[in-house]
Amino acid sequence: MAFKPYYNNTKKVLWIGSVKVPAGQTRPVDENLMPNTQAAQVNAPKLDTIFGELNAAKSMALVKTLNQEQLAAALVEETEGKARKSVIEAVQKSLLALKDENSEANQRAAELEAFAAHWSNQTPENITAHLESDDVKADAGKLDILNAILGDAKND
């Protein structure tokens, strides 16, 4: 199975097999599943450029709108192309900010998962008493978990 870039030139999301292709974007899809491949390739923008001929100021403004995958591609493009220090630094800062956001979210998810695992083995009385603690009152995630556990206990 060979994958080729497919550009969605419509105003709505397309599904090519199991691949979601948002409007105005390009995704690699199985070439056997591509509808009207020739038309899609003719209209597709260059996949290897993010900044194109933009000046440094416009490139740095564009950086703020890119997702992690696009930022990684932009970093490669800029370091191998124009190599503008200000643009490279802007891309690197955005990548670091995304990494920090992702790691904080993952850490929070792990914390709540451990909290749920601990309290799912406790008695309803212990859980009810813990609901009144300042720690739980100040944390909506923990409060929701304890209430869900209590709700499951009532249904058993």
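Of note:
- Ordering 71-79, 108-116 by mean Cβ neighbour count within 10 Å, with the highest value first, yields 71-79, 108-116.
- Cut-off 13 Å (backbone N to label point 7 Å along Cα→Cβ of D152), residues of segment 108-131: 113-124
- Förster radius 41 Å - calculated FRET efficiency between H118 and A23 (Cβ-Cβ, nearest 0.05): 0.35
- Over 31 Å (Cα to Cα) - which of K11/K82; K11/K85; K20/K99; K11/K58 fall in this group: K11/K82; K11/K85
- Translational diffusion of the chain was estimated from the Stokes-Einstein equation, with Rh taken as the Kirkwood radius over Cα pairs; at 10 °C and 1.306 mPa s the coefficient is 80 µm²/s.
- Summing +1 for each Lys or Arg and -1 for each Asp or Glu among the other residues whose beta-carbon sits under 12 angstrom from that of A72 gives -2.
- The three principal axes of the Cα atoms in segment 48-104 give end-to-end lengths of 35, 20, 17 Å, sorted in falling order.
- Once backbone amide H atoms are built at 1.01 Å from N, Y6 has R27, V29 as its partners under 5 Å, excluding neighbours fewer than 5 places away on the same chain.
- Evaluated at q = 0.11, 0.19, 0.25 Å⁻¹: base-10 log I(q)/I(0), Debye formula over Cα of segment 69-156: -0.52, -0.83, -1.15
- Computed from label points 7 Å out along Cα-Cβ, the spacing between N55 and R108 is 3.9 nm.
Values quoted throughout were computed directly from the atomic coordinates according to the rules given, and no laboratory measurement underlies them. Computed from a predicted structure; not experimentally measured. All Cβ positions, glycine included, derive from the backbone under ideal geometry; neighbour counts span all protein chains shown.
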